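Throughout, read-outs are computed from the coordinates displayed, never taken from laboratory work. As the structure is a computational prediction, the values presented were derived from the model and not from experiment. Cβ: placed from backbone, ideal geometry, glycine included. Neighbour counts: every protein chain shown.
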Amino acid sequence: MHIQLASLGFGNVGRALAAMLTEKAGELQRRYDLAFTFTGAFTRSAGGWIASGAHGIAAVDLAASGWPGSGALPAGAQPFSGDALAFIAACPADVVLELTTLDPHTGQPATDHIRAALAAGRHVVTANKGPIAYAYRELWALAAQHGVALRFESAVIDGTPIFNMAEASLPATVISGFRGLLNSTSNYVLSRMALGESLETAIAGAQRLGVAEANPANDLEGWDGAVKATILANVLMGADLRPGDIERSGLGAEAMRQAQAALLPGQTLKQVVTAAREGESVRAAVRLEPLPPSDLFAHLSGMDSALLLHTDTMQDLTIIEGEGGPGQTAFGVIADLVTIAKTSPRPSGTPLP
Ligand SMILES: NC(=O)c1ccc[n+]([C@@H]2O[C@H](COP(=O)([O-])OP(=O)(O)OC[C@H]3O[C@@H](n4cnc5c(N)ncnc54)[C@H](OP(=O)(O)O)[C@@H]3O)[C@@H](O)[C@H]2O)c1
């Protein structure tokens, strides 16, 4: 089966995806009879292109073009003039990839991109947390209405199988809560402070490694954790929260400095996300927690992410990702694409060579 991809956003994750689709092309063909091509891509500053032939452009050729950084379109692409919504309407594709920048306060404009793609009968795979945190129920219903899939494995802990594992491998299981180390920037900075570095030096180190953004406030003040907690609570526990509903107290740079200084011998400070069912509702929080040596999370490095699920079948189930990044995120997108190919009909229904 040949699957056409249109990508909104083509940064670190888009490039890693093109590289992994190139590397795994043989494996995907052999194991699943799947071939992927890009029929178009669009970014905020470079604008867009649409492949002139129905077959689309192979990932290897897109990667070789160096677009958008090189300024050169891949061979066989025509420039597209118009905005993102016009691109979604114009680009023929089985799956729209939403790989644009996260806005943790609104989830926009990515939510509008996904609405438009689903309404146009395209499957959607996104690594962008915003739309899932702010509009999961609405987008899920829209996908169901149009008979297409909405998948987002990479929205939490890169491509670590959380949603796919819960869906495929935890049948009839009730998840009553979770606990996670979900923000690498905060936990990297705390691990460097534990080694005696100042907060400023630790943040600068995280920025040099590409872990922290130029303005790390969204991470240190718990917004990134709140967005992830919202997604996990809504998808895995049936809650209907928004990031503003997540308790965020005692966070931020000054709180980190004070909490680090107040640690007792043997304790390790981490930014921890928690959720628990309370009656009919779900209560979730992002906090700085001093962890005793008996806590598994105390032993994870600053770059590790972890999620412990409280379940009624497997009891406590923990999954840990070592240092993540765009490669693992691209893998999550591919895992979602394979799931769509296995479980959903081609919306366009057009047989392609
Ligand atoms: N990097 C990771 O390891 C990772 C892990 C998990 C999840 N994610 C999520 O995956 C998404 C992509 O991450 P990334 O690392 O690839 O980001 P990135 O390198 O900053 O790339 C973002 C891309 O989106 C484009 N873009 C931004 N706003 C847009 C808009 N309004 N319309 C069209 N294009 C737009 C950017 O274009 P311009 O450059 O022209 O602005 C760029 O091509 C983000 O939502 C991120 O939170 C990333």
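For the stretch 56-144, would you read off the P(r) tail past 16 Å as a percentage of all alpha carbon pairs? Before the final figure, lay out the partial values.
On the way: 2315 of 3916 pairs.
Roughly 59 percent, rounded to a whole number.
Counting only other residues whose beta carbon sits under 11 Å from that of Thr100, what net charge do I get with K and R as +1, D and E as -1?
The answer is -2.
Order 109-119, 37-47, 304-314 from most to least packed using the mean count of other Cβ atoms within 10 Å. Kindly include the intermediate steps, with their values, before the conclusion.
Values: 109-119: 22.5, 37-47: 20.5, 304-314: 17.8.
Ranking the peptides 109-119, 37-47, 304-314 by packing returns 109-119, 37-47, 304-314.
Name the lysines eligible as straight-distance cross-link partners of Lys129: C-alpha to C-alpha under 20 Å, and not fewer than 8 places from it in the same chain.
Excluding near neighbours in sequence, the set is Lys228.
Above 39 angstrom, tally the Cα pairs of the chain and express them as a % of all pairs, no decimals. It would help to have the intermediate numbers written out before the result.
Working: 10356 of 62128 pairs.
Percent of Cα pairs beyond 39 Å in the chain: 17.
Give, as a single signed number, the net charge of other residues whose beta carbon lies under 11 Å from the beta carbon of Gly324, with Lys and Arg counted +1 and Asp and Glu -1. Spell out each step's value before the answer.
On the way: positive: none; negative: Asp158, Asp304, Glu321, Glu323.
With Lys, Arg at +1 and Asp, Glu at -1, the neighbours total -4.
Does anything in the stretch 177-220 have its amide N under 20 Å from the 7 Å Cα→Cβ label point of Ser249, and if so which residues?
178-180, 220, by backbone N distance to the label point.
Counting alpha carbon pairs within less than 8 Å and at least 6 residues apart, what relative contact order, in whole percent, applies to the stretch 182-333?
Details: 220 pairs, mean separation 35.3, N = 152.
Computed value for the stretch 182-333: 23 percent relative contact order.
Can you put Trp223, Trp140 in order of Cβ neighbours within 10 angstrom, beginning with the fewest?
Ranked by crowding around the Cβ, least crowded first: Trp140, Trp223.
What is the order of Lys228, Lys342, Lys129, fewest Cβ neighbours within 10 Å to most? Let's see the in-between values first.
Details: Lys228 27, Lys342 10, Lys129 23.
Ranked by crowding around the Cβ, least crowded first: Lys342, Lys129, Lys228.
Starting from the Cα-Cα distance between Arg208 and Leu264, subtract it from 0.36 nm times their residue separation and give me the gain in nm to one decimal. Kindly include the intermediate steps, with their values, before the conclusion.
Numbers: separation 56, 0.36 × 56 = 20.16 nm, distance 3.03 nm.
Difference between extended and current length: 17.1 nm.
Helix-derived [θ] at 222 nm for the chain: sum -39500 (n - 2.57) over DSSP H runs of at least 4, divide by residue count, nearest 500? Please list the in-between numbers first.
Numbers: 13 runs with 136 residues, N = 353.
After summing the helix terms and dividing by residue count, I get -11500 deg cm²/dmol.
I need the semi-axes of the equivalent ellipsoid of the stretch 1-43: take the C-alpha gyration tensor, multiply each eigenvalue by 5, square-root it, list largest first in whole angstrom.
Values: eigenvalues 83, 31, 5 Å².
Semi-axes (√(5λ), whole Å): 20, 12, 5.
Need the list of lysines near Lys24 for cross-linking: C-alpha distance under 18 angstrom, and skip anything on the same chain fewer than eight residues off.
The reachable lysines, counting only those whose Cα sits under 18 Å from Lys24, are Lys342.
Counting only GluC sites (Glu not before Pro) that sit in a DSSP loop (anything but H, G, I, E, B) with at most 16 other Cβ atoms within 10 Å, what is the longest stretch of the chain containing none of them? Walk me through the intermediate numbers first.
On the way: sites that count: Glu197, Glu213, Glu280, Glu323.
In the chain, the maximal stretch lacking such sites is 1-196.
Which order results if Phe10, Phe297 are arranged by neighbouring Cβ count within 10 Å, fewest first? Can you show the working numbers first?
Numbers: Phe10 23, Phe297 19.
Ranking Phe10, Phe297 by Cβ neighbours within 10 Å, fewest first, gives Phe297, Phe10.
On alpha carbon coordinates alone, what is the Rg over Rh value for the stretch 172-322, Rh being the Kirkwood radius? Intermediate values should be presented prior to the final figure.
Values: Rg = 15.3 Å, Rh = 15.7 Å.
Ratio value, two decimals: 0.97.
So what's the stretch 1-127 giving for Cα Rg divided by 2.2 N^0.38 Å, two decimals?
Working: Rg = 13.8 Å, N = 127, 2.2 N^0.38 = 13.9 Å.
This ratio for the stretch 1-127 stands at 0.99.
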